[in-house]
Amino acid sequence: MAPKKRREGEVLVDTSTTSVRVTRSSTRRLGAKANASVAPAPAPPERPKKKVKKTEDVKEPEKVADGSKTIVIEHCKQCNSFKTRATQVKDGLEKGVLGITVVVNPEKPRRGCFEIREEGGEKFISLLDMKRPFAPMKALDMDKVISDIIDKIK
């Protein structure tokens, strides 16, 4: 809006200095005078620190006896179906064979990989570089796979 016209002899009053409105820029212009009049804001309450989980170092599995074997299951972390099948195989092998050690992902797994092998020995199942929807792995009958591995171990 355009300013009002002044008549002759009238003095214009500066309204910016008489304003009660205080902004950040106006307090900077005034300097220390404005800072002394404004009370400091209370500090926000501190949040309790989150507990950080300590990662356990990956240890080589120890052999229980001379006849015991270590089975390694390597599964990709890309999809949860890998994990469910790996835990199913692990539980089945531990129940089916006494004194066996089953290790799941002792190292960083490969992408699209589902592999069951004896440590330092033969591979029971090796499905590598699978693409979604992971049809070769989903087509497996896990109960049959577990029973076949148990037969090969014994």
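The values are calculated or read from the model by the stated rules, or taken from the named source; none is laboratory data. Computed from a prediction, not measured in an experiment: that's the story for all the values here. A quick note on method: Cβ atoms are made from the backbone with ideal geometry, for glycine too, and the neighbour counts reach across all protein chains shown. When the accessible area is computed, the model is the full protein with side chains, heavy atoms only, and any ligands, DNA or RNA have been set aside. Shrake-Rupley method; radii C 1.70, N 1.55, O 1.52, S 1.80 Å.
Measuring r between the beta carbons of Arg132 and Glu107 and using R0 = 30 Å, the FRET efficiency lands at 0.80. What region 70-154 shows is 58 Å² of accessible area per residue, with the surface traced by a 1.4 Å probe over protein heavy atoms. Which FRET efficiency, nearest 0.05, do Ser26 and Arg6 yield, Cβ-Cβ r, R0 35 Å? According to the calculation, E is roughly 0.85.
Close amide H contacts of Val104 (hydrogens built in the peptide plane, cut-off under 5 Å, sequence separation of 5 or more or a different chain): Ile73.
For region 67-116, rounded, prolate or oblate, judged on the Cα gyration tensor with a ≥ b ≥ c (square roots of eigenvalues), a/c < 1.5 rounded, else prolate if a/b > b/c? Don't jump to the answer; show the numbers that get you there.
On the way: a/c = 3.44, a/b = 1.76, b/c = 1.96.
Here region 67-116 falls in the oblate category.
Full extension of the chain between Arg47 and Asp148 yields a length gain of 30.9 nm, computed as 0.36 nm times the residue separation minus the alpha carbon distance.
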